[in-house]
Amino acid sequence: MSKSKLAQLAKLNALLDKKDQKQEVKAVAIATAERVNKSGKAKAAQKKRILREAIADASTNTVIKDGQFDIVKAALQQDLVKLKTMGDVKDKLAYKAKSIQPYMDYLATYRDEKYDFSNIVLSWMVIWLYDLERVDEAQEWAELAAVQGQETPGKVTSNMKEVICRALSKFGRDSLETDTFVYDKLAFAVNGLIGPDAYWQAQDAVKMEFLVIAGKHAQAEKRYEEAKLCYAEAVSINADKAGCKGRLATVTEIIDKAKKAAE
């Protein structure tokens, strides 16, 4: 790519950070595409595609990537190859703990600059953070990944929302075993699945397992309305397998008694 085209793309990338300059960005994109169009090196169909993509990039900021992405992605691929050579789970966790900080520094810039594109680094770091049981950080980045609709990486077959639900289910189970109740750390996923603004998609079995665990945490914290919502949704998926019909009846009774006492 020529220096002039690189310069144009750099200018377009910088302008994307300023919402009030969208029209100028669009003009730069059109100018760039038109120069390609006039070069005579592309077929008609290719020229039209280049023009459409340039305008779309400038208008939505969903395809243009930050300048560090390819470098960071390449480093991550090397780390993933290294991890595949390790058989021991403890060794893998130690390697992730040692290697993760540069990726988190990159993601901080990605977030602060309000980038939004398919970012495999973000997807992997959500998984690594949950693996390392850094749940507060994982939740922060999982929310961003969910909002941006990030895809799961590599051979992970679940969608990102299911990855989050599975990770939180494990965290929730482990916490229950030590009588540590953490509904606030689960609530954002509950809201994604069944809240008024719910938009997450997950397999029924994954969704049901997570909601039962979240309901137990809410019930233990005497947050009976939240527990009822979780149990009711789990029962609606599969009343027999959910195994929480008794819990649903219990929290419903508590709620009803409280309402009568308040009358």
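Results, tabulated for the structure shown:
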read-out	value
Residues located in the range 83-99, provided they are under 17 Å from ILE127 (Cα atoms) and surrounded by fewer than 12 Cβ atoms within 10 Å (Cβ to Cβ)	LYS84, VAL89, LYS90, LYS98
Only listed residue being crowded, with 16+ Cβ neighbours inside 10 Å and part of a helix (DSSP H, G or I), chosen from GLN78, GLN139	GLN139
Set PHE117, PHE69: member being closer than 21 Å to ASN159 by Cα and modelled with pLDDT under 95	PHE117
In the range 238-253, the residues that are in a helix (DSSP H, G or I) and crowded, with 16+ Cβ neighbours inside 10 Å	ALA242, ARG247, LEU248, THR250, VAL251
Options LYS241, LYS222, LYS257: the member that is touching a residue at least 12 places away in the same chain (Cβ under 8 Å), in the same structural domain as PHE171 (by TED's automatic domain parsing) and among the basic types (Lys, Arg)	LYS241
Among the candidates GLU162, GLU225, residue that is out of contact with any Phe, Trp or Tyr (no Cβ under 6 Å at 6 or more places or on another chain) and either of a type in the set (Gly, Ala, Ser) or farther than 29 Å from GLN77 by Cβ (or both)	GLU225
Residue that is farthest from ALA94 (Cα to Cα), among those in the range 121-150 that are more than 8 Å from the chain's Cα centre (by Cα) and among the acidic types (Asp, Glu)	GLU140
Unique match (being β-branched (Val, Ile, Thr), out of contact with any Cys (no Cβ under 6 Å at 6 or more places or on another chain) and under 20 Å from ARG134 (Cβ atoms)) among VAL235, VAL163	VAL163
Unique match (being under 28 Å from ALA97 (Cβ atoms) and of a type outside the set (A, V, I, L, M, F, W, C)) among GLN139, GLN219	GLN139
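Let's see how each residue does on (1) modelled with pLDDT of 95 or more; (2) acidic (Asp, Glu); (3) at positive phi:
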| site | (1), (2), (3) |
| --- | --- |
| GLN203 | no, no, no |
| PHE210 | yes, no, no |
| GLU221 | yes, yes, no |
| TYR224 | yes, no, no |
| CYS230 | yes, no, no |
| GLU253 | yes, yes, no |
| LYS257 | no, no, no |
| ALA261 | no, no, no |
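The values are calculated or read from the model by the stated rules, or taken from the named source; none is laboratory data. Please read all numbers here as calculations on a predicted model, not as lab measurements. Don't worry about glycine lacking a Cβ; one is built from the backbone with ideal geometry, like all the others, and counts go over all protein chains shown.
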